[in-house]
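Written out below as structure tokens is the structure these notes cover.
The values are calculated or read from the model by the stated rules, or taken from the named source; none is laboratory data. Quick caveat: nothing in here was measured; it's all calculated off a predicted structure. Reconstructed Cβ throughout: ideal geometry from the backbone, glycine too, with neighbour counts over all protein chains shown.
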């Protein structure tokens with residue numbers, strides 16, 4: 001990405017340096033000026049660009065950005081190339097002036113072509129840009145022309161304001177965990193900030209307000225419903241502890257849903273108050289880039305408002321993916337719908353093996369519902385597979401039916417109603433078997449897609465991973481366009497967690513406006529999966545540690561444990577599990593922490609801090625345990641996986 | 001001046017609940033204040049400070065909504081942690097401005113901020 005951000009200040013393209021190039025007649029010559037340079041051919045409307053002075057070596061990327069910033073139509077070309085000639089002819093016929101940089105005339109051709117490739121993933125020349133947006137090669141350009149897109153782009157007004165005249169210092173698209181954190185932080189430094197947030201309703205019509213996924217349809221309602229399921233188990237266990245239940249205990253979905261939604265509502269209102277208090281402007285509108293510094297915001301009534309800002313942060317998050325099979329959007333629900341479902345989902349098929357799928361299946365089963373999970377291949381891809389399988393086994397032992405290596409092929413409605421009855425047809429992954437089942441509800445949890453396709457990123461030239469929609473950024477969360485940043489779930493290759501987005505957002509605001517230089521540390525971030533048997537982890541999975549250090553260089557210490565609270569009600573005695581992975585070449589530093597058991601999140605948090613301090617096995621052993629708690633098992637680990645020793649526990 | 005909202009004045013919990021039940025289906029905003037004496041002064045200094053600010057924003061109330069001005073009672077009644085307002089309506093302090101049936105609530109110093117009051121009256 002290059003160092004276009006220094007010391008926390010946003011640096012705009014230094015156009016004065018480009019101008020000085022022009023003045024010294026070693027640079028761009030625009031159409032309309034009839035300066036003719038000696039050893040180059042000239043054409044009537046487009047003139048070639050060249051450098052004579054090589055003492056001024058500049059980064060290829062900066063050179064490209066410089067030309068793009070200065071010229072509405074920019075062609076990177078080769079003099080001998082027929083296709084380049086055709087492109088130039090096209091613009092001439094449209095009576096549009098353009099600037100051409102003939103790369104075969106330049107000594108820094110390699111650097112420029114490399115920069116072009118990084119920016120556009122196109123190696124071929126000519127490479128055509130209009131209003132900083134990459135059109136493509138000759139074929140793409142002529143196609144854009146045929147489809148009228150080229151003219152539309154040329155007609156687009158470019159807002160050429162100086163930084164003093166922007167409406168806002170910072171515009172944040174997306175009012176979720178990351179966006180709000182960044183906005184509030186920026187406002188504390190006296191910046192003028194606006195947040196745009198808009199929730200496109202689900203196919204079922206579900207929608208919500210400010211706060212993003214976590215508050216409305218993620219972590220918060222999930223944990224509350226997980227707690228509801230845990231309490232159900234507790235009621236059951238309580239009898240062994242002497243409690244006498246007079247009536248039969250049953251669960252009322254409506255009451256739980258109402259309580260959860262009430263809490264979410266108060267959190268949302270708290271966010272609105274906090275934003276208003278910190279003088280951040282909030283608009284409930286859908287934001288799209290229409291120019292390098294301009295956004296069009298459309299509200300629910302279709303009214304359009306335009307905003308300009310010096311700097312932008314994209315924090316639009318993700319939404320659940322559908323399968324792309326008949327009946328999926330019409331009849332299935334996703335996590336977006338589950339937490340506000342007005343009636344109990346009843347007998348439910350959960351499709352997917354992500355943590356969303358397993359957490360939802362887990363608490364639904366805990367509430368007493370008949371739950372099946374359809375899994376294409378492995379559970380919890382990306383997580384330690386040993387732990388993932390233990391989680392699955394536990395769920396299976398407790399009544400969840402797993403349908404392995406099947407993929408749904410169609411969903412049909414058998415009966416209307418709330419929830420009604422659906423028929424699911426599925427095929428095995430080897431194609432040999434067919435499965436049919438009837439359920440009240442089908443919950444799809446097969447992944448989430450980044451919301452980056454329809455916010456005008458191509459208009460401003462922000463590069464995204466075309467396949468996944470995710471945005472690649474540098475260590476400072478900066479996209480390929482210097483004044484546009486991105487944080488949160490939209491980022492490529494980063495953990496999709498609320499605290500990560502919040503941290504990244506806050507630090508980014510500090511770097512931009514408070515002269516800080518701290519970057520977000522994405523390593524050793526602790527997480528917890530809230531399946532019925534909770535899983536807390538920090539650092540590397542066993543697979544990743546083997547890959548990184550080699551099997552001979554790591555030592556895995558592990559043990560089962562039996563929580564004291566589970567003894568009296570005779571709950572599973574050899575299911576809870578603790579594992580640490582140590583790097584032998586560095587004093588057995590703990591590089592992976594894994595715990596399966598109740599309150600896994602609470603346990604893991606402290607150990608994550610210890611890992612940040614470089615905790616070793618010896619330090620862990622020297623720490624005296626607290627008794628009787630689950631976490632103390634980590635202070636007495638002695639059996640290694642390598643030894644094959646028995647780790648079965650009889651309780652304390 | 002034609003008002004777009006209905007203003008209702010009540011004293012005490014029972015009167016408040018009666019006023020609310022008579023206006024089912026309407027958007028009801030309620031301002032709870034320590035009761036005023038014969039001279040028109042409330043024992044609650046924050047309520048005195050907040051009232052003109054809240055009243056100043058009443059023009060932003062949505063049309064057809066209801067604004068209930070409720071005097072909760074004497075200081076001694078209010079201080080009892082088991083009074084009906086605290087127990088049933090879950091009020092934690094006065095003044096409180098809330099939108100009945102929703103989690104939207106401004107408590108004590110929050111009522112001094114006219115931006116927040118306006119936000120509550122105008123947001124969906």
Worksheet item: Hey, among A:270, A:302, A:324, which residue is closer than 22 Å to residue A:497 by Cβ and without any contact (Cβ under 8 Å) to a residue 12 or more places away in the chain?
Response: A:270
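Condition check: in contact with a strand residue (DSSP E or B) (Cβ under 8 Å, 6 or more places away or on another chain) and under 23 Å from residue A:69 (Cα atoms). Does residue A:469 satisfy that?
no
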Worksheet item: Under 6 Å by Cβ, and 6 or more places apart or on different chains, what pairs join a residue from region B:74-101 that is within 26 Å of residue B:113 (Cβ to Cβ) with one that is in a loop (DSSP other than H, G, I, E, B)?
Response: B:75/B:43; B:78/B:72; B:85/B:72; B:85/B:91; B:94/B:34; B:94/B:44
Worksheet item: Could you list, in sequence order, the residues of region B:111-120 that are touching a strand residue (DSSP E or B) at 6+ places or on another chain (Cβ under 7 Å) and either more than 9 Å from chain A (Cβ to nearest Cβ) or under 21 Å from residue B:75 (Cβ atoms) (or both)?
Response: B:111, B:117
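Does residue A:215 satisfy being surrounded by 20 or more Cβ atoms within 10 Å (Cβ to Cβ) and within 14 Å of chain B (Cβ to nearest Cβ)?
Numbers: surrounded by 20 or more Cβ atoms within 10 Å (Cβ to Cβ): yes; within 14 Å of chain B (Cβ to nearest Cβ): yes.
So residue A:215 passes the test.
Please work out if residue A:609 is buried (at least 19 other Cβ atoms within 10 Å of the Cβ), out of contact with any helix residue (DSSP H, G or I) (no Cβ under 7 Å at 6 or more places or on another chain) and within 23 Å of residue A:521 (Cβ to Cβ).
Working: buried (at least 19 other Cβ atoms within 10 Å of the Cβ): no; out of contact with any helix residue (DSSP H, G or I) (no Cβ under 7 Å at 6 or more places or on another chain): yes; within 23 Å of residue A:521 (Cβ to Cβ): yes.
When the stated conditions are applied, residue A:609 does not pass them.
Going by what's in this entry, would residue B:77 be described as assigned to a strand (DSSP E or B), out of contact with any helix residue (DSSP H, G or I) (no Cβ under 6 Å at 6 or more places or on another chain) and closer than 17 Å to residue B:35 by Cα?
When the stated conditions are applied, residue B:77 does not pass them.
Quick grid of which residues meet (1) on the phi > 0 side of the Ramachandran plot; (2) more than 23 Å from the chain's Cα centre (by Cα); (3) modelled with pLDDT of 95 or more:
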position	(1), (2), (3)
A:483	no, no, no
A:486	no, no, yes
A:538	no, no, yes
A:544	no, no, yes
A:552	no, yes, yes
Worksheet entry | In region A:386-401, residue surrounded by the fewest Cβ atoms within 10 Å (Cβ to Cβ) [restricted to those that are touching a strand residue (DSSP E or B) at 6+ places or on another chain (Cβ under 7 Å) and without any contact (Cβ under 8 Å) to a residue 40 or more places away in the chain] | A:396
Response to the item:
Within region A:377-418, the count of residues that are closer than 28 Å to residue A:579 by Cα and not in a loop (DSSP other than H, G, I, E, B) comes to 16
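I'd like to check which strands (runs of 3 or more DSSP E) are fully inside region A:237-315 and have at least 1 residues that are farther than 30 Å from residue A:153 by Cα and within 12 Å of another protein chain (Cβ to nearest Cβ). Walk me through how you get there before you give the answer.
On the way: elements: A:281-283, A:285-291, A:294-299, A:304-314.
Output list reads A:281-283.
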Worksheet entry | Residue within region B:92-110 that is within 14 Å of chain A (Cβ to nearest Cβ), farther than 26 Å from residue A:283 by Cα, assigned to a loop (DSSP other than H, G, I, E, B) and in contact with a helix residue (DSSP H, G or I) (Cβ under 9 Å, 6 or more places away or on another chain) present | yes
Worksheet item: Filtering region A:365-385 down to residues that are free of Cβ contacts under 8 Å to residues at least 40 places away in the same chain and in contact with a strand residue (DSSP E or B) (Cβ under 7 Å, 6 or more places away or on another chain), which residue is nearest to residue A:539 (Cα to Cα)?
Response: A:375
Item to complete: Of the conditions (1) out of contact with any helix residue (DSSP H, G or I) (no Cβ under 7 Å at 6 or more places or on another chain); (2) in a loop (DSSP other than H, G, I, E, B); (3) at negative phi; (4) surrounded by fewer than 19 Cβ atoms within 10 Å (Cβ to Cβ), residue A:446 clears all except one; give me its number.
Response: (4)
Discussion item. Looking at (1) part of a helix (DSSP H, G or I); (2) within 14 Å of chain A (Cβ to nearest Cβ); (3) over 16 Å from residue B:7 (Cβ atoms); (4) touching a residue at least 12 places away in the same chain (Cβ under 8 Å), which one does residue B:49 not meet, given that it meets all the others?
Written reply: (2)
Discussion item. Just to be sure before I move on: is residue B:81 more than 21 Å from residue B:6 (Cβ to Cβ) and at the interface with chain A (Cβ under 10 Å from one of its Cβ atoms) in the structure I sent?
Written reply: no
Discussion item. Please determine whether any residue of region A:563-585 is more than 33 Å from the chain's Cα centre (by Cα) and either surrounded by 19 or more Cβ atoms within 10 Å (Cβ to Cβ) or free of Cβ contacts under 8 Å to residues at least 24 places away in the same chain (or both).
Written reply: yes
Worksheet item: Checking residue B:62 against (1) within 23 Å of residue B:116 (Cβ to Cβ); (2) in a strand (DSSP E or B), which test does it fail?
Response: (2)
Item to complete: For residues that are in a loop (DSSP other than H, G, I, E, B) and surrounded by fewer than 21 Cβ atoms within 10 Å (Cβ to Cβ), tally how many sit in region A:589-603.
Response: 2
